[in-house]
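Below is one structure, written out as structure tokens; comments come after it.
The values are calculated or read from the model by the stated rules, or taken from the named source; none is laboratory data. Values in this document were obtained by computation on a predicted structure and should not be read as measured data. Note that we place each Cβ from the backbone using ideal geometry, even for glycine, and neighbour counts take in every protein chain shown.
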Amino acid sequence: MKFILTILSVLSFTFLASAAEVDTAASSFKWTGKKVTGQHYGTLPVKMASVKEDKGKIVGGEIVLDITKMTVDDLSGDYEKKFLTHMKSGDFFDVEKWPTAKLVIEKVQGNQASGKLTIKDKTNPIKFKYSKKGDVYSGTLKFDRTKFGMIYGSGDFVKGLGDKMIYNDVTLDFKVKIKK
């Protein structure tokens, strides 16, 4: 009997929630990484996304970010090229093997979402707060890059880095626009 009730509740949720089309061109994920001597920031384009809404509120979804098209907005010229080449190398995202990252939203309570973030074929739980204004969901999430195998420059793994140390937390400020 419990099994039948579970199946019925899942089916009713599926029919109540509707897929909302995401405007990937108008959606953005802006990253910030910090080091002892400052920070770098840029964007990660949304490759594809699907969001489920129920009564105008998000109840789930999946967002895929295109790491191959990552930008760094505080550098230019040779410094920009060198930085992006390093970020896309095996020391960080290793885009030849893993060109995308994926955020799956599994549960929403009030203005807090939880789910899973997958980078470099490693998946970790994540929680973040968000808000909705009109047809745009926005918020900030943070993740520890070392949990995804990106230990380069981390003071937790390499001692004596001094002012070359890179902090583990990466911040993603996001805006996800729903098409009307």
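Restrict the check to the stretch 133-153 and report whether at least one residue is touching a helix residue (DSSP H, G or I) at 6+ places or on another chain (Cβ under 9 Å), under 27 Å from residue 97 (Cα atoms) and either crowded, with 18+ Cβ neighbours inside 10 Å or among the aromatic types (Phe, Trp, Tyr) (or both). Scanning the stretch 133-153, I find at least one residue that is touching a helix residue (DSSP H, G or I) at 6+ places or on another chain (Cβ under 9 Å), under 27 Å from residue 97 (Cα atoms) and either crowded, with 18+ Cβ neighbours inside 10 Å or among the aromatic types (Phe, Trp, Tyr) (or both), so the answer is yes.
Sub-6 Å Cβ pairs linking a first residue in the stretch 53-71 that is within 12 Å of residue 118 (Cα to Cα) to a second residue that is in a strand (DSSP E or B) and at pLDDT below 95, at least 6 apart or interchain, are 62/50, ordered by first then second residue.
Of the residues making up the stretch 142-167, those that are small (Gly, Ala, Ser) and at negative phi are 154, 155. Only residues that are within 30 Å of residue 55 (Cβ to Cβ), exposed (fewer than 15 other Cβ atoms within 10 Å of the Cβ) and basic (Lys, Arg) were counted in the stretch 66-125, giving 2. Of the residues contained in the stretch 171-179, none is found to be over 14 Å from residue 113 (Cα atoms), touching a helix residue (DSSP H, G or I) at 6+ places or on another chain (Cβ under 9 Å) and surrounded by fewer than 15 Cβ atoms within 10 Å (Cβ to Cβ). One residue stands out among those in the stretch 122-159 that are in contact with a Leu (Cβ under 7 Å, 6 or more places away or on another chain) and part of a loop (DSSP other than H, G, I, E, B): the one that is nearest to residue 174 (Cα to Cα), which is 153.
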